Amino acid sequence: MARPKRPPHPMLQVAREHLRRIDATLSDAPLHLHQLDGPPGGPRYAVSVGVCRRSTACPYGVAEGQPCTVLDCELRDAVRLLLDRNGNLLEVLRNGVRWSS
């Protein structure tokens, strides 16, 4: 018998609400949640989302459906939200910042 699926992490819904207020065009894109270690009062979660806005072949040779490997791609809309343990938004990082997922 298969194991039941775990429900989505509750912080994803909190992050999606923050994202709707910050950039509604990215609010339906897949979110990637990372739990962080750090000092008390520092960010506990990082939520990243990115969408490539190209309409033709990638000028950098990245295949369709593959993650963008270009450090500062002008065609990618990316946002990283840093949240505390209660879901409060601490910082928003936009484009130009590359993080591993």
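The values are calculated or read from the model by the stated rules, or taken from the named source; none is laboratory data. Model, not experiment: these values are computed from the prediction. All Cβ positions, glycine included, derive from the backbone under ideal geometry; neighbour counts span all protein chains shown.
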Output for Cβ contacts, cut-off 8 Å, separation at least six or different chains, first residue in contact (Cβ under 8 Å) with a residue 24 or more places away in the chain in segment 69-93, second among the acidic types (D, E), reads D77/D23; V79/D23; L81/E91; L82/E91; L90/D84
A careful count of residues in segment 46-68 that are in contact (Cβ under 8 Å) with a residue 24 or more places away in the chain and not aliphatic (A, V, I, L, M) gives 5
Filter segment 22-36 for residues that are of a type in the set (A, V, I, L, M, F, W, C) and touching a Phe, Trp or Tyr at 6+ places or on another chain (Cβ under 8 Å); the one that is surrounded by the fewest Cβ atoms within 10 Å (Cβ to Cβ) is L36
Across segment 66-99, the tally of residues that are more than 11 Å from the chain's Cα centre (by Cα), surrounded by 13 or more Cβ atoms within 10 Å (Cβ to Cβ) and modelled with pLDDT of 85 or more stands at 6
Sole miss for S48 among (1) in contact with a His (Cβ under 9 Å, 6 or more places away or on another chain); (2) of a type in the set (S, T, N, Q); (3) farther than 19 Å from L83 by Cα is condition (3)
If we keep only residues of segment 12-28 that are touching a Leu at 6+ places or on another chain (Cβ under 6 Å) and small (G, A, S), then the residue farthest from L89 (Cα to Cα) is S27
